[in-house]
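A.B. asks: Sharing a structure with you now.
We did not get these values from a lab; they are worked out from the coordinates using the rules stated. Values in this document were obtained by computation on a predicted structure and should not be read as measured data. Here the Cβ positions follow ideal geometry from the backbone for every residue, glycine too, while neighbour counts run over all protein chains shown.
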Amino acid sequence: MAGILDGIRVLDFGRYIAGPFCGALLADLGADVIRIERLDGGEDRYITPVTEDGIGSMFLQLARNKRGLTLNPKKPEGAEVQRRLVETADIVIANLTQEVLESLGLDYESLSKIKKDIILVTNTAFGQGGPWSDRFGFDGLAQAMSGIMYMSGTPEQPTRASAAFIDFNTATLCAFGAMAALRHRDQTGEGQEIQGTLLKTALNINGGGIIEQTALGVDRVATLNRGQTSAPADTVKTKDGWVMCLVIGPHQFKRWCEVIGRPELAEKPEYSDDLARGERAEELSAILSEWCQERTTEEVLAAMEQAKVPAGPVLSPQKAHDHPHVQAIDYFQPVEYPTAKQPLTVPKNPLHFSKTPAEIRSRAPQLGEHTEEILGELGYSAEEISALRAARAV
């Protein structure tokens, strides 16, 4: 079955996560995504190695459904290959600073001279227009500078999330922007540049907290996993593990009080609404903790589910993979890779399409695996490809 983006070609010059995951999302929908790397491979190819030749776990996830080409655009011959590629492309992805984009001829002005309706999707850490515009950065810095890290952990120890959720959210927004730009191009014939920014994504995610702070000056500080605008909302120990319980709104609070055998709590004026309960979150967490410590995780979750109070177990990565519900929703796909000892457990596209499924059709490419195939499509002969290799242009 043809994908939604069948016939769309994407050149993925991305690095690490924010660029490559954007490309992966488009590839899942049927786009022909060409991952373009340095001759010795991009940095992200080798982070957290899991195969015999050192290929990284994130690369194996984010390079799915892509073809691989190696290229040195700083060589004249390589720059010509890049130019020919751009002529065939609809979208270019490059999460690089403006200075680097210009040096490689991947800035919007240069690309649009080659193909006037090209769509350029860029990603930077801090965005354009400020004193930090040309600085490099990663997900953790966006968490730190957006207030998110400040509100995690404790006042004595700010804590970042281990998963790079700012990167993944930025990439998702960029894929959304690319799709919108394709729609605009269909209507007008115009290309454009889409700019994603890690810091803007993080500030957007923390927008509610920043609005509250600038409006009311509440000066909140971190309270580990304990919520502050409703309660009880916390992680607590059971007899054999940990659970998270999230009680929001008067109906859930009343049902929670009944579950733990304390119905009188729902009538107390100091617990009259979410904000009041949030102000007394520590004492409500203590009540929740005392009740949970006398029960197993299974007993706690069964009681909460019967009362329709949101609760769930705190799981390790292995237990998350093995959880019966995760297995039942069939989210992971075993994918073979030539140098992996066993099939890799790769997450599928998070969206379900009832008519045009987003699928993992092929594994991540080995370094330069499709170079000759792609160059042949551009009109290069076998002899010309050999010359390009001899010149270290590809």
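A.B. asks: Can you give me the span-like helices of the chain, meaning DSSP H runs with 24 Å or more of Cα extent along the axis and Kyte-Doolittle mean at or above 0.0?
C.D. replies: Correct list, ordered by number: 165-188.
A.B. asks: Considering only Leu284, Leu199, Leu120, give the residue with the highest GNM mean-square fluctuation for the chain, with springs between Cα atoms whenever their separation is below 10 Å.
C.D. replies: Among Leu284, Leu199, Leu120, the largest GNM mean-square fluctuation belongs to Leu284.
A.B. asks: I'd like the FRET efficiency for Glu290 and Thr356, computed as 1/(1 + (r/R0)^6) with the beta carbon distance as r and R0 of 45 Å, rounded to 0.05.
C.D. replies: Between Glu290 and Thr356 the formula returns 0.30.
A.B. asks: Which percent of the Cα-Cα distances in region 295-386 go past 22 Å?
C.D. replies: I get 58 percent for the Cα pairs in region 295-386 exceeding 22 Å.
A.B. asks: For the chain, what does the relative contact order come out to in percent, with C-alpha contacts under 8 Å and a separation of six or more?
C.D. replies: Once normalised by length, the contact order is 20 percent.
A.B. asks: Rounded to the nearest Å, what's the spacing between the alpha carbon centres of region 3-64 and region 307-337? Just the number, please.
C.D. replies: 25 Å
A.B. asks: Pull out a ≥ b ≥ c, the square roots of the eigenvalues of the alpha-carbon gyration tensor of region 140-202, then state rounded if a/c is under 1.5, prolate if not and a/b is larger than b/c, and oblate in the remaining case.
C.D. replies: It comes out prolate by the Cα gyration axes.
A.B. asks: Whole-Hz ³J(HN,Hα) for each residue in region 58-67, computed from phi via Karplus 6.51 cos²θ - 1.76 cosθ + 1.60 with θ = phi - 60°, x for glycine and proline: what do you get?
C.D. replies: These are the phi-based 3J(HN,Hα) values: 5, 4, 5, 7, 8, 9, 4, 6, 10, 9 Hz.
A.B. asks: Return the FRET efficiency for the residue pair Lys254, Lys341: r is the Cβ-Cβ distance, R0 is 51 Å, and the value is rounded to the nearest 0.05.
C.D. replies: 0.45
A.B. asks: When a footprinting reagent is the concern and you count Cβ atoms within 10 Å, what order do Ile93, Ile287 take, fewest first?
C.D. replies: Ile287, Ile93
A.B. asks: May I ask which residue of Asn123, Ala161, Ile93 lies farthest towards the positive end of the charge dipole of region 17-164, with charges of +1 (Lys, Arg) and -1 (Asp, Glu) on Cβ and the Cα centre as origin?
C.D. replies: Ile93
A.B. asks: Taking 0.36 nm per intervening residue step and subtracting the Cα-Cα distance, what contour gain separates Glu87 from Glu264 on full extension?
C.D. replies: Extra length from Glu87 to Glu264 when fully extended: 56.6 nm.
A.B. asks: Same structure again: Quick check on the exposure proxy: order Arg35, Arg262 from fewest to most C-beta atoms within 10 angstrom.
C.D. replies: Arg262, Arg35
A.B. asks: Take every DSSP beta bridge whose two residues both sit in the chain, then give the antiparallel share in percent to the nearest 5.
C.D. replies: Once the DSSP bridges in the chain are tallied, antiparallel ones form about 40 percent.
A.B. asks: For Asp40, Asp134, Asp28, what ranking results if the residue with the fewest other Cβ atoms within 10 Å of its Cβ goes first?
C.D. replies: Asp40, Asp134, Asp28
A.B. asks: In a shell of Cβ-Cβ distance under 13 Å around Leu351, excluding Leu351 itself, what net charge do Lys and Arg (+1) and Asp and Glu (-1) give?
C.D. replies: 0
A.B. asks: Residue by residue, what Karplus-based ³J(HN,Hα) values in Hz, rounded to whole numbers, does region 40-48 have, using 6.51, -1.76 and 1.60 with θ = phi - 60° and x for Gly and Pro?
C.D. replies: 9, x, x, 4, 5, 5, 10, 7, 6
A.B. asks: Which FRET efficiency value, to the nearest 0.05, do you get for Ser272 and Glu52 by plugging their Cβ-Cβ distance into 1/(1 + (r/R0)^6) with R0 = 56 Å?
C.D. replies: The formula returns an efficiency of 0.35 here.
A.B. asks: Expressed as cubic angstrom per residue, what is the convex hull volume of the alpha carbon set of region 1-153?
C.D. replies: 145 Å³
A.B. asks: When all alpha-carbon pairs of the chain are counted, what percent fall beyond 34 Å?
C.D. replies: Percent of Cα pairs beyond 34 Å in the chain: 42.
A.B. asks: What is the extension gain from Glu384 to Ile210, computed as 0.36 nm multiplied by their sequence separation minus the C-alpha to C-alpha distance, in nm to one decimal?
C.D. replies: 56.9 nm
A.B. asks: What is the distance, in nm, between label points placed 7 Å from the Cα along the Cα-to-Cβ direction at Ser103 and at Glu373?
C.D. replies: 3.2 nm
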